[in-house]
Each structure stands twice: as C-alpha cells, then as structure tokens.
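The values are calculated or read from the model by the stated rules, or taken from the named source; none is laboratory data. Just so you know, these numbers come straight off a predicted model, no measurement behind them. Reconstructed Cβ throughout: ideal geometry from the backbone, glycine too, with neighbour counts over all protein chains shown.
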Amino acid sequence: MKIGELAKRSGLSASAIRFYESKGLLKSGSRLSNGYREYPPEAAAILSIIINAQQTGFTLDEIRSILPADAAGWQHDQLIATLRKKIDDIESMERRLAENRTHIMSLIDLINSKPEGMECKDNTARVMDSVGRHANKKTD
C-alpha cells in the first residue's frame, strides 16, 4: 500500500509516518519505479502499536527496543520485562501524583484557613512561613 492509504488506515499524516520511519520504528517502504513507497500490510499494525505505546507512556527509544525486526520476531522475555518495567514506572508516577495532590490540597486548606480579619499580605506571610517550615523538615 502507498503512504496515502497507510495514512488513512492509521489515522496518521504522511509526515508522521515518515517521522517514524526516520526514527527506525517503521521499516522504509520499498520504492516503486515511479518513486512511490510501497508499505507491507503489517505497517498499519506496527503504527498502531507505536501509537498505543506512546499513549501509554513509552518513549520512542523504548518502543524501538521492543519492536521486532519483522512481525514474527517478538522477543518474548524482553517484551514482558519492558512491559513490567513500564507498569512499575506508572505505579511510581501514581504515587508521586497522589503525594502532589495531597500537598496541593493541604496548601489550599492552609490558604483558606486565614483567620478572620487577617489581611491577605499577612496570610501570605503565614502560609509562606508554614511552607518553609515544612520544607525544612524534609531536609532535616
């Protein structure tokens, strides 16, 4: 199939397909006598894998390391290890995001707990002092 048809099937632009080719993620299509590239049927499946992997958080280098040279050559152990590592990375990110969320919610509560009648600039100083004490506890 030509790049236009591959673009239509994959939902990608021709330039995106060429980008993945240039990064070594998709084999270059063979050139026909008229100069057009001809892509094998599995090219659409490979592009789908690339898109899904990127949406899941894989970098292009990680994707390149697990894509087989041909569709029949998946390295089972390497693929499973890479997928498990990505799950560990996601779980670590989830923990960091939960900590960040808790910190932000605490900051909102601290800001909103301004004593009645306190001016904003004094509340700002109170909040900054509290945040500074919290930061110092982390470094002790």
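Checking each residue in the stretch 96-140 for being aliphatic (A, V, I, L, M) and at pLDDT 90 or above picks out L97, A98, I104, M105, L107, I108, L110, I111, M118, A125, V127, M128.
In the stretch 26-41, the residues that are closer than 23 Å to L60 by Cβ and in the same structural domain as R9 (by TED's automatic domain parsing) reach residues that are at pLDDT 85 or above and charged (D, E, K, R) with C-beta atoms within less than 6 angstrom, at least six apart or across chains, in these pairs: S28/E21; G29/E38.
Would you be able to say whether some residue in the stretch 98-114 is of a type in the set (A, V, I, L, M, F, W, C), in contact with a helix residue (DSSP H, G or I) (Cβ under 6 Å, 6 or more places away or on another chain), surrounded by 10 or more Cβ atoms within 10 Å (Cβ to Cβ) and not assigned by TED's automatic domain parsing to the domain that holds A53? Yes, the stretch 98-114 has at least one match. Among the residues of the stretch 16-43, those that are assigned to a helix (DSSP H, G or I), among the small types (G, A, S) and touching a helix residue (DSSP H, G or I) at 6+ places or on another chain (Cβ under 9 Å) comprise A16, A43.
Whenever a residue of the stretch 45-57 is farther than 16 Å from S13 by Cα, its partners that are modelled with pLDDT under 95 and of a type in the set (D, E, K, R), lying with C-beta atoms within less than 9 angstrom and at least six residues away or across chains, give the pairs A53/E62; A53/K86; T56/K86; G57/K86; G57/D89.
For the stretch 15-24, indicate whether the set of residues that are at pLDDT below 90 and closer than 23 Å to S65 by Cα is non-empty. Yes, the stretch 15-24 has at least one match. Evaluation of Y36 against the conditions (1) modelled with pLDDT under 90; (2) aromatic (F, W, Y); (3) surrounded by 14 or more Cβ atoms within 10 Å (Cβ to Cβ) shows that the sole unmet condition is (3). Residues that are among the charged types (D, E, K, R) and surrounded by 15 or more Cβ atoms within 10 Å (Cβ to Cβ) within the stretch 10-32 comprise R18, E21, K27, listed in sequence order.
I'm checking my understanding of the structure. Among residues of the stretch 58-77 that are in a loop (DSSP other than H, G, I, E, B) and modelled with pLDDT of 90 or more, which one is nearest to E91 (Cα to Cα)?
First, the residues of the stretch 58-77 that are in a loop (DSSP other than H, G, I, E, B): 58-59, 67-75.
Imposing the further condition that a residue be modelled with pLDDT of 90 or more reduces the set to 58-59.
Numbers: F58: 14, T59: 17 Å.
Step by step, filter the stretch 58-77, then rank; the result is F58.
Consider K137 carefully, then state whether it is outside the structural domain of I17 (by TED's automatic domain parsing), surrounded by 11 or more Cβ atoms within 10 Å (Cβ to Cβ) and farther than 30 Å from R18 by Cβ. Taking the combined requirement at face value, the residue does not satisfy it.
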